[in-house]
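The values are calculated or read from the model by the stated rules, or taken from the named source; none is laboratory data. Fair warning: this is a prediction, and the values are worked out from it, not measured in the lab. Here the Cβ positions follow ideal geometry from the backbone for every residue, glycine too, while neighbour counts run over all protein chains shown. Note: areas computed on protein heavy atoms with side chains; ligands, DNA, RNA excluded. Shrake-Rupley method; radii C 1.70, N 1.55, O 1.52, S 1.80 Å.
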Amino acid sequence: RSIGGLSFPTSWSPRGRRAGRAVLGSGAVCVGSCAKTVPCGPRTKVNVLSPGLIMGWLLGSAVNGKLLLLPGKFLLLPSKLPVLLSTSPQFFSLQMMKFAWDNYKLYALGKNELRPLTKNGHIGNMFGGLRGATVVDALDTLYIMELEEEFQEAKKWVEKSFDLNVNGEASLFEVNIRYVGGLLATYYLTGEEVFKSKALELGEKLLPAFNTPTGIPRGVINLGSGMSWSWGWASAGSSILAEFGTLHLEFLHLSELSGNPVFAEKVMNIRKVLNRVEKPQGLYPNFLSPVTGNWVQHHVSIGGLGDSFYEYLIKSWLMSDKKDSEAKKMYDDALEAIEKHLVKKSAGGLTYIAEWRGGVLDHKMGHLACFSGGMIALGAEHAGEERKQHYMDLAAEITSTCHESYAHTKLGPEAFRFDAGTEAMATRLSERYYILRPEVVESYMYMWRLTHDPKYRQWGWEVVKALEKHCRVEAGFSGIRDVYTTTPTHDNMQQSFFLAETLKYLYLLFCEDDVLSLDDWVFNTEAHPLPPDPKEPRAQQDKEPDYIGHGNC
Ligand code: DMJ
């Protein structure tokens, strides 16, 4: 197996560290991290990686020649880097992160995304004048990967340049999951006040969106004036299930940290409205009127428009230390209805989740829906004994179907279908693109952590190689327009969720289970880790620091 000329084994042992020990002579120099070299004193103990020697040298050039080969043909490295080298896939996701960040910093720092072909920044109109979406989305990934210098660069930008006094149309949902989620997670990881105060300040600015007759927020808000309205494309002025249903985790933390119950009240009211309204066949349609509190259209989907609403039900329960039984019941009931009405098997035996339009099935799955393998596996852990295996099997089947959609170039299309003899393939040209989305590797990460079946690591490694081959361009990573060609054209966009989610999940897939353990952290829908018991940041708790790298990754 090779990538960029580097060879790797077809499988790894997560615990198989083959590093030996050696003692350095006086005056030798060893390498402190990917980013800097540090002098080693006499008799400094370092790891010697004989099997990793050649690989390490080649990888060294991949990170700008910062690794060192000393005479005597030993690769001498202290602490964490040998571990990264001996379990190479994490190192790859780490150096991909460094490459993505370095190019963003060089060409687009302060803009929302990097345009890696034209080497400039993109601002867009999703964040209402807020800037630096990639900085805030990347913060916790940089921290977790121990890319210290890069983390400090990002932190400095937040301290000095992140301006919240802006005017413009923002997506309540996107600002919440990327900015509020990213800031909260980084605060909990580091304990640094700047992240907390920015999260709270921004949270306050989102509150006017809830000023509607039902308290169901509208999708768009002007962060300056507080005016809010519904998306022009949303039928009859409706609000979107996945948008107003994906605020709960962050808003509970905002209340916890500020001591102000208003945030929690807003999301508990959403829960109340949803419990009151009748659900067709137990299903939750995607469009709800913020004025009447009734459904506007009967389109149900576990992909776009619906997806993270279901995710936040099970995660709200987990985040409450399993006390929020209302959320758990809503999740269990919703999943039962989804299984009864939407889960299907294709002629070729692939399990998929169809979409539902007023009772008629559309036999298609979006890439976005592929997060559901991980979600169902996470929920299965906490289902009764008799349901547990059933849901684990369902999760594995859906994840396998999503893997199938990646069959051609090892990257998958935006949507794939199961009709007229089609098996997990896009049938329309307009659905063949891949924009660096995380959902498939997200499910691999959960499935790996919950089953330890090595195939999930193997599948993740396929994605790493495919990203390198098809999406890496001179100045960053770009989405591609057609996943069925080996010479794709690029869309010139490095999405911020690539740094927040895709690379983080790939990294975690190859770490040991105690690195951001699923017992200690709940990931928001943008992969920003939040603690279940948010009394104080982890960094200030008297706790073994086993929740980030520290040799386990
Ligand atoms: C991310 O912003 C989040 O995962 C969201 O829930 C869905 N879409 C993107 C990534 O595809």
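Applying the set (1) in contact (Cβ under 8 Å) with a residue 24 or more places away in the chain; (2) open to solvent by 30 Å² or more (accessible area, probe 1.4 Å); (3) in a loop (DSSP other than H, G, I, E, B) to residue 344 leaves exactly one unmet item: (3).
Counting only residues that are crowded, with 24+ Cβ neighbours inside 10 Å and away from the ligand (no atom under 15 Å from the Cβ), region 427-447 holds 1 of them.
Comparison of 247, 189, 206, 254 shows that the only residue that is within 21 Å of the chain's Cα centre (by Cα) and under 13 Å from residue 172 (Cβ atoms) is 247.
Is there a residue being within 16 Å of the ligand (Cβ to nearest atom) and under 24 Å from residue 315 (Cα atoms) anywhere in region 214-236? Looking through region 214-236, at least one residue is within 16 Å of the ligand (Cβ to nearest atom) and under 24 Å from residue 315 (Cα atoms). Per the conditions (1) in contact (Cβ under 8 Å) with a residue 40 or more places away in the chain; (2) open to solvent by 30 Å² or more (accessible area, probe 1.4 Å); (3) more than 23 Å from residue 97 (Cβ to Cβ), the sole criterion not satisfied by residue 143 is (3). Can you find a residue in region 239-262 that is open to solvent by 10 Å² or more (accessible area, probe 1.4 Å), touching a residue at least 40 places away in the same chain (Cβ under 8 Å), touching a strand residue (DSSP E or B) at 6+ places or on another chain (Cβ under 7 Å) and not acidic (Asp, Glu)? No: zero hits.
Looking only at region 484-497, decide whether some residue is of a type in the set (A, V, I, L, M), open to solvent by less than 10 Å² (accessible area, probe 1.4 Å) and at pLDDT 95 or above. No: region 484-497 contains no residue that is of a type in the set (A, V, I, L, M), open to solvent by less than 10 Å² (accessible area, probe 1.4 Å) and at pLDDT 95 or above. Going by what's in this entry, would residue 129 be described as open to solvent by 10 Å² or more (accessible area, probe 1.4 Å) and modelled with pLDDT under 95? Answer is no for this residue. Can you confirm whether region 405-419 contains a residue that is part of a helix (DSSP H, G or I) and out of contact with any His (no Cβ under 8 Å at 6 or more places or on another chain)? Checked against the condition, which is being part of a helix (DSSP H, G or I) and out of contact with any His (no Cβ under 8 Å at 6 or more places or on another chain), region 405-419 yields no hits at all. Please go through region 379-409 and pick out each residue that is surrounded by 22 or more Cβ atoms within 10 Å (Cβ to Cβ) and more than 22 Å from residue 349 (Cβ to Cβ). Passing the criteria: only 379.
When region 448-481 is limited to residues that are of a type in the set (Gly, Ala, Ser) and either away from the ligand (no atom under 16 Å from the Cβ) or within 16 Å of residue 402 (Cβ to Cβ) (or both), the one that is surrounded by the most Cβ atoms within 10 Å (Cβ to Cβ) turns out to be 476.
Counting just the residues of region 358-372 that are modelled with pLDDT of 95 or more and more than 16 Å from the ligand (Cβ to nearest atom), which one comes out surrounded by the most Cβ atoms within 10 Å (Cβ to Cβ)? I'd like the intermediate steps shown before the answer.
First, pick out the residues of region 358-372 that are modelled with pLDDT of 95 or more: 360-372.
This time we only want the ones that are more than 16 Å from the ligand (Cβ to nearest atom), so: 360-364.
Values: 360: 9, 361: 14, 362: 14, 363: 15, 364: 22.
Top of the filtered list is 364.
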